[in-house]
Amino acid sequence: MTSGAPVARIKVVLDDVTPPVMRHLEIPLSLRLDRLHTVLQVAMGWTDSHLWEFRIKGIGFGIPDPDWGFGDGPLDARKAKLSDVLEDTGARSFKYLYDFGDGWEHSIRIEGITAAVDGGLYPGSVTGLFLAGPAGRFRSSAPVFPGSRLRPG
């Protein structure tokens with residue numbers, strides 16, 4: 001990543017679970033939303049086994065189903081950069097839904113925007129609290145330690 005490029009520090013909270021499952025991540029603002037989905041999968045320890053969608057100011061972003069055909073599905077997350085969506089909507093927080101059957105909803109908040117550090121690896125995990133476990137079956141026995149760097153495939 002280019003030194004000085006904008007990086008967002010985000011807080012991700014898995015809603016309605018106890019104990020709270022939370023991550024603080026640093027991500028490039030230039031990240032496409034489909035790649036942000038991949039980062040969240042890695043951060044939560046999940047395997048991308050379910051449908052997903054971002055909801056930003058009432059607008060859905062995901063992977064459109066070409067067989068749906070009604071025109072009211074999500075916008076294509078592969079064509080939407082986080083920076084553009086935030087600028088267009090004015091949003092500072094949004095939702096990430098994963099596994100429509102179980103309804104795992106996450107609240108994501110932009111906590112700050114800074115310049116990338118020369119030699120920094122992004123996206124990265126800053127801190128976390130409790131493990132999410134496989135596809136929503138979270139384990140509450142161990143905290144997540146800071147400093148890991150996320151490298152989605």
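Can you report the number of residues in the stretch 1-45 which are more than 17 Å from residue 85 (Cα to Cα) and within 13 Å of the chain's Cα centre (by Cα)? Going through the stretch 1-45 one residue at a time, the tally reaches 17. Restricting attention to the stretch 80-119, the residues that are within 18 Å of residue 17 (Cα to Cα) and surrounded by fewer than 17 Cβ atoms within 10 Å (Cβ to Cβ) total 9. May I ask you to verify whether residue 22 is in contact with a Gly (Cβ under 7 Å, 6 or more places away or on another chain) and under 19 Å from residue 126 (Cα atoms)? Taking the combined requirement at face value, the residue satisfies it. Per this entry, residue 12 is counted among residues that are farther than 24 Å from residue 118 by Cα and in contact with a His (Cβ under 6 Å, 6 or more places away or on another chain).
Is it the case that the stretch 93-116 has a residue that's at pLDDT below 95, in a loop (DSSP other than H, G, I, E, B), within 23 Å of residue 28 (Cα to Cα) and of a type outside the set (Lys, Arg)? There is at least one residue in the stretch 93-116 that is at pLDDT below 95, in a loop (DSSP other than H, G, I, E, B), within 23 Å of residue 28 (Cα to Cα) and of a type outside the set (Lys, Arg). Taking the criterion of being at pLDDT 95 or above and either crowded, with 21+ Cβ neighbours inside 10 Å or in a strand (DSSP E or B) (or both), the residues of the stretch 41-58 that qualify are 52, 53, 54, 55, 56.
The requirement of being assigned to a loop (DSSP other than H, G, I, E, B), surrounded by 15 or more Cβ atoms within 10 Å (Cβ to Cβ) and either touching a helix residue (DSSP H, G or I) at 6+ places or on another chain (Cβ under 7 Å) or modelled with pLDDT under 95 (or both) is satisfied by residue 73.
The values are calculated or read from the model by the stated rules, or taken from the named source; none is laboratory data. Since this is a predicted model, take the numbers as computed values, not measurements. All Cβ positions, glycine included, derive from the backbone under ideal geometry; neighbour counts span all protein chains shown.
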